[in-house]
Amino acid sequence: MKKASIFSVLLAAVAMIGMSFTNPVEGEKERRTVSVAESNIVWNGYKVTGSHTGNIQLKSGELEFDGDMLTGGSFVIDMTSMTNTDLEGEWNEKLMGHLKSDDFFSVDKFPTASFNITQVVSRGKPGEYKIVGDLTIKDITKEIKFQANLEDMGDKAKAVAEVVVDRSEFNVRYGSGSFFDNLGDKTIYDEFDLQVNLVVNK
């Protein structure tokens, strides 16, 4: 075989190998990194006399895809990043100190929480899913379920979900009417919600 022909065959082989790495084959799972800087989580907690809200950031995260279909994912939540946005000054500091203390999330002992998706079910429309997964807070793991929407934004994708969490299942019982009597207007409701907005790189 002529040298030119051998060279052509080698070039073709290299090109095919390159394509196999840059373009995942059908059915192959692809993990895409969540942009921590562009993503955010808003928390809302409720009590008899009102509510509080704030932000918390991801430490890391990724979503798993099979083509355009969401199939899984995992996340680490930075509990030390938790902030409050409806109070200022001394009252803000007191609230955040309390939430990070052993009465609530014991942030010094448990600086991160995590969520691992165990099942993704299509709701019948593109980008609409039911998510099932394991949430771990204070080293306690419980299964949670919620609805999520995924929007294609060209070179990125945005995932949006509202997650309701029962804090009492994670041994966060301060002010809970489920465990303490006669709290009256000092009762803090067990359920809080997380408004999750994730930006995923493609």
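Under the 0.36 nm per residue contour assumption, what length would be gained going from the current alpha-carbon distance of SER35 and LYS125 to full extension?
29.9 nm
Quick one: Karplus J couplings for the stretch 137-151, per residue in order, coefficients 6.51, -1.76, 1.60, θ = phi - 60°, nearest Hz, x for Gly and Pro?
Once θ is set to phi - 60°, the couplings for the stretch 137-151 become 10, 6, 6, 10, 10, 9, 7, 10, 9, 6, 9, 9, 10, 10, 10 Hz.
Spin-label point model (7 Å from Cα, Cβ direction): what's the ASP193 to ASN44 distance in nm?
Result: 0.4 nm between the two label points.
Skipping prolines and chain starts, which residues have an amide H placed within reach, meaning under 5 Å, of the one on SER35, given they are 5 or more residues away or on another chain?
Residues meeting the criterion, in which the H sits 1.01 Å from N, are VAL199, VAL200, ASN201.
Grab the beta carbon distance between ASP134 and LEU95, set R0 = 30 Å, and tell me the FRET efficiency rounded to 0.05.
Once the sixth-power term is evaluated, E becomes 0.55.
Taking 0.36 nm per residue of separation and subtracting the Cα-Cα distance, what length does fully extending MET153 through ASN55 add?
Value of the extension gain: 32.9 nm.
Any chance you could check the Cα centroid distance between the stretch 25-55 and the stretch 72-125 for me, in angstrom?
10 Å
For ASP108 and THR83 in one chain, what is 0.36 nm times their gap in residues minus the Cα-Cα distance, to one decimal in nm?
Extra length from ASP108 to THR83 when fully extended: 7.5 nm.
Which value, in Å to one decimal place, does the Kirkwood hydrodynamic radius take for the stretch 24-147 when every pair of different Cα atoms is included?
When all Cα pairs of the stretch 24-147 are included, the Kirkwood radius is 16.4 Å.
Here, each number is a calculation from the coordinates, and none is a lab measurement. This one's a predicted model, so the numbers in the text were calculated from it and none came from an experiment. No Cβ is skipped: glycine too gets one built from the backbone with ideal geometry, and neighbour counts run over all protein chains shown.
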